[in-house]
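The block underneath contains the structure these notes are about, expressed in structure tokens.
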Ligand SMILES: [Fe+2]
């Protein structure tokens, strides 16, 4: 049996940020809007606040750092919500800011600290309603149930997840992504591509997520490099924004795989950005997965427009897809080795043991801690 669930209202289109007030008004009277510096600098914050106030919603903007959220940052956000008596939460920014808004909204009405829930206390009851407005095309956090958080004391990275944590609405306005610099386009886009590929070969894949992944791959494959090379290319920006959305819709139901299993502890303990590490690991994991999902990789290569026009045998096409993905990622500045990021050595035991998460359990070819350590040695 497979279950697909996604209750988020999704608003799309150039200029759709204008509809924020209309979307927020039925959800609450006082909005607390978490955003980063770039959303303010690009004028998106002002546009959001104006739309809210026009609809009669009081808007309290709060600047937060763009780094991946820690438990302490979530606690601070909850306190800000309390001080402002916010009744609706808005996240305007990249995946980290959306995850912060999601966790703060989910935990605000609950007793106890974020740390207790991170340690396993069950998440009960609905959170505050929240609205996601992504300004990058990457994590799909606008349509997923989980928030990835870091314990600042240990560096451990993990997800809090609840079906009641879905955003009540997501506003996908491709115009918000135009100002993204090339490095952010590359890293967030690498994450989106990785998520589409991991969901497509996940053991949790189902017909609905397959359809989403196929369209995500078709959109992301040819447009990642275009958006990286020319940030003003609106057609490429649209394709990336909707492709990352579709990949997010797929992953929250089909789940991910070994790249995300390894990327969380590696990123958490060594302070590496999520998209960068996903892009770096993706070709290594695809190589490992080849014997288990050649047909899917061959199809993905075709959908992404990365294969030569002449027909190839399935195994050849799958191997060519892995090579083409490696080349694509390299062409947008994603490093191929961890040593290029300044890492000289790794605690293989720690990273391998913490990799055995739910993402890893959905990888199409089982991977033991020993296999993870071998893969990391090759990637170093
Ligand atoms: Fe990701």
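The values are calculated or read from the model by the stated rules, or taken from the named source; none is laboratory data. Note that the structure is a prediction, hence the values are computed from the model and not measured. As a convention, Cβ positions derive from the backbone with ideal geometry for all residues, glycine included, and neighbour counts pool all protein chains shown.
Mind checking whether some residue in segment 225-242 is touching a residue at least 24 places away in the same chain (Cβ under 8 Å), touching a strand residue (DSSP E or B) at 6+ places or on another chain (Cβ under 7 Å) and surrounded by 24 or more Cβ atoms within 10 Å (Cβ to Cβ)?
yes
Name, by its number, the condition in (1) within 15 Å of the ligand (Cβ to nearest atom); (2) under 22 Å from residue 68 (Cβ atoms); (3) in contact (Cβ under 8 Å) with a residue 60 or more places away in the chain that does not hold for residue 263.
(3)
So that you can scan it fast, the table gives a plain yes or no per residue for (1) part of a helix (DSSP H, G or I); (2) closer than 22 Å to residue 267 by Cα:
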| site | (1), (2) |
| --- | --- |
| 309 | no, no |
| 318 | yes, no |
| 321 | yes, no |
| 330 | yes, yes |
| 344 | no, yes |
| 352 | yes, yes |
| 360 | yes, yes |
| 373 | yes, yes |
| 378 | yes, yes |
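Looking at segment 22-47 only, could you name the residues that are out of contact with any strand residue (DSSP E or B) (no Cβ under 6 Å at 6 or more places or on another chain) and part of a helix (DSSP H, G or I)?
Passing the criteria: 22, 37, 38, 40, 41, 44, 46, 47.
Using the structure shown, decide if residue 142 is modelled with pLDDT of 95 or more and in contact with a strand residue (DSSP E or B) (Cβ under 6 Å, 6 or more places away or on another chain).
Answer is yes for this residue.
How many of the residues in segment 138-149 are surrounded by 24 or more Cβ atoms within 10 Å (Cβ to Cβ) and more than 12 Å from the ligand (Cβ to nearest atom)?
Adding up the residues that qualify gives 4.
Does at least one position in segment 188-197 carry a residue that is more than 16 Å from the ligand (Cβ to nearest atom) and either surrounded by fewer than 24 Cβ atoms within 10 Å (Cβ to Cβ) or closer than 21 Å to residue 12 by Cα (or both)?
The answer is no, given that none of the residues of segment 188-197 is more than 16 Å from the ligand (Cβ to nearest atom) and either surrounded by fewer than 24 Cβ atoms within 10 Å (Cβ to Cβ) or closer than 21 Å to residue 12 by Cα (or both).
Testing residue 218 on (1) under 16 Å from the mean Cα position of the chain (by Cα); (2) surrounded by fewer than 24 Cβ atoms within 10 Å (Cβ to Cβ); (3) over 29 Å from residue 117 (Cβ atoms), one condition comes back false. Which one is that?
Only one criterion in (1) under 16 Å from the mean Cα position of the chain (by Cα); (2) surrounded by fewer than 24 Cβ atoms within 10 Å (Cβ to Cβ); (3) over 29 Å from residue 117 (Cβ atoms) is unmet by residue 218, namely (1).
Any residue in segment 176-198 that's outside the structural domain of residue 98 (by TED's automatic domain parsing) and closer than 25 Å to residue 209 by Cα: show its pairings with residues that are away from the ligand (no atom under 14 Å from the Cβ) and not in a helix (DSSP H, G or I) at Cβ separation under 6 Å, as long as the two are six or more apart or on different chains.
What qualifies is 186/332; 186/333.
Checking residue 60 against (1) part of a loop (DSSP other than H, G, I, E, B); (2) surrounded by fewer than 19 Cβ atoms within 10 Å (Cβ to Cβ); (3) touching a strand residue (DSSP E or B) at 6+ places or on another chain (Cβ under 8 Å): exactly one of these is not met. Which one?
(1)
For segment 332-342, name all the residues that are closer than 28 Å to residue 307 by Cβ and either in a helix (DSSP H, G or I) or in contact with a strand residue (DSSP E or B) (Cβ under 7 Å, 6 or more places away or on another chain) (or both).
To start, the set of residues in segment 332-342 that are closer than 28 Å to residue 307 by Cβ comprises 332-337, 340.
If the condition is that a residue be closer than 28 Å to residue 307 by Cβ and either in a helix (DSSP H, G or I) or in contact with a strand residue (DSSP E or B) (Cβ under 7 Å, 6 or more places away or on another chain) (or both), then 340 is the only one that fits.
Restricting to segment 1-21, give me the number of residues that are in contact with a helix residue (DSSP H, G or I) (Cβ under 7 Å, 6 or more places away or on another chain), assigned to a loop (DSSP other than H, G, I, E, B) and farther than 21 Å from residue 145 by Cβ.
Residues in segment 1-21 being in contact with a helix residue (DSSP H, G or I) (Cβ under 7 Å, 6 or more places away or on another chain), assigned to a loop (DSSP other than H, G, I, E, B) and farther than 21 Å from residue 145 by Cβ: 2 in total.
If residue 104 satisfies all but one of (1) crowded, with 24+ Cβ neighbours inside 10 Å; (2) more than 17 Å from residue 34 (Cα to Cα), what's the number of the condition it fails?
(2)
Looking at (1) under 16 Å from residue 24 (Cβ atoms); (2) within 16 Å of the ligand (Cβ to nearest atom), can you tell me which one residue 87 breaks?
Looking at each condition in turn, residue 87 falls short on (2).
Could you check how many residues of segment 104-120 are touching a helix residue (DSSP H, G or I) at 6+ places or on another chain (Cβ under 9 Å) and either without any contact (Cβ under 8 Å) to a residue 60 or more places away in the chain or within 16 Å of the ligand (Cβ to nearest atom) (or both)?
Residues in segment 104-120 being touching a helix residue (DSSP H, G or I) at 6+ places or on another chain (Cβ under 9 Å) and either without any contact (Cβ under 8 Å) to a residue 60 or more places away in the chain or within 16 Å of the ligand (Cβ to nearest atom) (or both): 9 in total.
Kindly state which helices (runs of 4 or more DSSP H) lie completely within segment 65-161 and contain at least 2 residues that are over 20 Å from the mean Cα position of the chain (by Cα).
The qualifying helices (runs of 4 or more DSSP H) are 71-84, 114-118.
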